[in-house]
Amino acid sequence: MAVVSSASAGLRAAPRATILQLRGPGKSARVLEHEANALVASVSVPVIIISRCDVALASGAAGVNLPESDISVADARLLLGRRLVGRSVHSIAGAKLAESDGADFVIFGPVWASASHPGATPAGLVALELVTRVIRIPVLAIGGVTEERIAEVHGAGAAGYAAIAMFG
């Protein structure tokens with residue numbers, strides 16, 4: 001999963017990604033919707049929007065990914081129906097809760113130190129492996145993922161990874 005902040009970044013990442021997550025820190029709903037519309041219309045991979053169910057619906061995106069502090073998975077599901085609903089988590093308890101609430105996938109991390117989340121304590125590969133063992137939905141690793149670490153991510157049982165810098 002390529003995590004991008006604009007349609008142009010998404011277009012550059014799309015040939016190497018299986019899914020795009022559009023994030024818009026500091027962007028208004030109108031600007032984010034414009035970026036989402038452009039991206040959804042231009043790529044063949046699914047696009048999900050971070051945190052914004054309204055933008056996902058308006059743009060025809062495949063779904064959303066919700067930070068832990070966001071609305072519940074169940075509430076997002078009421079709004080989005082069968083579209084994808086994921087949850088970013090930082091612990092085994094958070095992953096279990098996301099699964100029991102009906103999330104389609106979780107993004108777990110940070111696994112390693114990450115420039116996009118300075119000061120966040122890395123959970124490590126052991127924690128990633130534990131999460132993949134205790135839940136049945138797909139787990140994507142995030143945080144410090146590099147080309148060289150992809151094999152470790154899969155070796156820990158993750159279905160894949162999400163990355164910002166790797167697709168930048």
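Where a number appears in this text, it was derived from the coordinates with a stated rule and is not lab data. Model, not experiment: these values are computed from the prediction. Because the Cβ atoms are built from the backbone with ideal geometry, glycine has one as well, and the counts that use them run over all protein chains shown.
When each of the peptides 148-155, 125-132 is scored by how many other beta carbons lie within 10 Å of its residues on average, the order from highest to lowest is 125-132, 148-155.
No solvent, one uniform scatterer per C-alpha: report log10 I(q)/I(0) for segment 1-81 via the Debye equation at q = 0.18, 0.22, 0.26 1/Å, two decimals. Listed by q, the Debye log ratios stand at -0.64, -0.95, -1.26.
Normalised by the number of residues in the chain, the mean separation of alpha-carbon contacts (under 8 Å, six or more apart) gives a relative contact order of 17 percent. Each part reduced to its alpha carbon centroid, segment 1-47 and segment 117-145 end up 23 Å apart.
To the nearest µm²/s, what D does Stokes-Einstein give for the chain at 37 °C and 0.692 mPa s, using the Kirkwood radius over alpha carbon pairs as Rh?
Numbers: Rh = 15.7 Å.
The Stokes-Einstein estimate is 208 µm²/s.
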